[in-house]
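Enquirer: Structure in structure tokens, see below.
The values are calculated or read from the model by the stated rules, or taken from the named source; none is laboratory data. All of these numbers come straight from a predicted model, not from anything done at the bench. For accessibility, only protein heavy atoms count, side chains too; no ligands or nucleic acids. Shrake-Rupley method; radii C 1.70, N 1.55, O 1.52, S 1.80 Å.
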Amino acid sequence: MGEDRSLDEFLGKSGADSVGDGESPEEDTERSEPSDGDIKSPSDGDAEDAKPAIPTFRWSSTGAACDACGETVQRRWRDEETDGFVCIDCKPW
């Protein structure tokens, strides 16, 4: 097994705080911060043209009525004809 080493050796510290074999770790000089032009805002683009998300499936642990037949079921799918949520038997696949 190797000798115990300090975690400071792996942090990239240099100078008197560094413990090791005398070599100082290379510093990362290639870091670049994003400019204001690189950062996109959620409001960028055509927010007015965006359509809201429409659920296609609903699940209820206690059950809910099918909008077509009225049967109480746990799983219902959106039906474009009735513009509601229907059971598997009423869903035209």
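Enquirer: Considering only residues that are of a type in the set (Val, Ile, Thr) and part of a loop (DSSP other than H, G, I, E, B), which ones fall in region 62-93?
Expert: Scanning region 62-93 gives THR82, ILE88.
Enquirer: Could you list all residues from region 76-93 that are of a type in the set (Phe, Trp, Tyr) and open to solvent by 100 Å² or more (accessible area, probe 1.4 Å)?
Expert: TRP93
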